[in-house]
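Down below is the structure, laid out as structure tokens.
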Amino acid sequence: MFQKKVTIFVTTSKKTIISHSMKTPDIKNRLGLTQEEMAMHLGISLSQWKMFKSGKRSLPLQALENFSVLLKGVQQKKDSSTEAQGLRKTEEEQAKGKRQHAYLKVQVKLQRLEKEIAVIENQRAESFAALETAFFLEGQKEGKANKDFIQSIRSRALTTLKKQSLYKREALQLQKENLEMLKLEIGKKMAAEEK
């Protein structure tokens with residue numbers, strides 16, 4: 001991305017007040033003002049400010065002086081305002097609470113997924129056992145089991161296997177693994193903030 005460099009020299013009749021060079025995106029990063037707000041603060045039109053930023057025009061002397069005072073003041077100020085410090089602290093506390101809530105929510109989802117996977121695995125095992133039983137009953141010569149009974153066992157087992165497919169189990173396992181990674185990352189952030 002093209003970043004234009006703006007060099008600011010503000011002079012009065014006998015001396016240079018400030019000489020400052022910065023990339024134009026830095027202006028917004030350092031001051032946090034929109035183009036409209038900058039123009040308003042400097043007492044110029046938005047188009048004048050845009051032309052200055054693009055290097056096509058210089059600013060009126062009073063606007064340059066105001067700009068240099070603003071830049072110098074913000075750069076020299078090392079302490080954050082009480083308002084900014086309070087806001088940061090509030091945000092950190094809110095983020096900590098939200099992380100804890102997210103961690104608990106992930107734990108609950110993991111428990112549900114583990115139960116669902118266990119149910120699927122159990123139903124699949126029972127269905128395969130039912131198919132084996134149906135196959136065994138078909139091969140019995142003595143006391144032949146009713147064919148309709150065997151077919152109903154086979155039908156139930158196949159329906160269950162279709163409903164609780166291997167694909168469904170694998171998809172749930174992937175969800176579980178993703179949630180475990182998320183839980184781990186949230187846990188790391190929570191541990192780091194405790195230090």
Would you check which residues across the range 64-104 are among the aliphatic types (A, V, I, L, M), modelled with pLDDT under 90 and surrounded by 13 or more Cβ atoms within 10 Å (Cβ to Cβ) and list them? L64, V69, L70, L71
Please find, among K162, K141, K183, the residue that is not acidic (D, E) and not in a helix (DSSP H, G or I). K141
In the set F149, F128, which member is surrounded by 12 or more Cβ atoms within 10 Å (Cβ to Cβ), assigned to a helix (DSSP H, G or I), of a type outside the set (K, R) and out of contact with any strand residue (DSSP E or B) (no Cβ under 8 Å at 6 or more places or on another chain)? F128
Can you confirm whether the range 113-120 contains a residue that is in a helix (DSSP H, G or I) and within 30 Å of E193 (Cβ to Cβ)? yes
Please state which of the following conditions I117 fails to meet, knowing it meets all the rest: (1) surrounded by 16 or more Cβ atoms within 10 Å (Cβ to Cβ); (2) free of Cβ contacts under 8 Å to residues at least 40 places away in the same chain. (2)
Can you pull out every residue in the range 47-63 that is assigned to a helix (DSSP H, G or I) and exposed (fewer than 14 other Cβ atoms within 10 Å of the Cβ)? S47, L61, Q62
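Do you know which residues across the range 138-177 are free of Cβ contacts under 8 Å to residues at least 60 places away in the same chain, of a type outside the set (D, E, K, R) and within 17 Å of K115 (Cβ to Cβ)?
Passing the criteria: Q164, A171, L172, Q173, L174.
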For the range 136-188, what are the residues that are among the acidic types (D, E) and either within 23 Å of A125 (Cα to Cα) or outside the structural domain of Y103 (by TED's automatic domain parsing) (or both)? E138, D148, E170, E177
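The values are calculated or read from the model by the stated rules, or taken from the named source; none is laboratory data. Just so you know, these numbers come straight off a predicted model, no measurement behind them. When we count neighbours, we look across all protein chains shown, and the Cβ atoms used for this are built from the backbone with ideal geometry, even at glycine.
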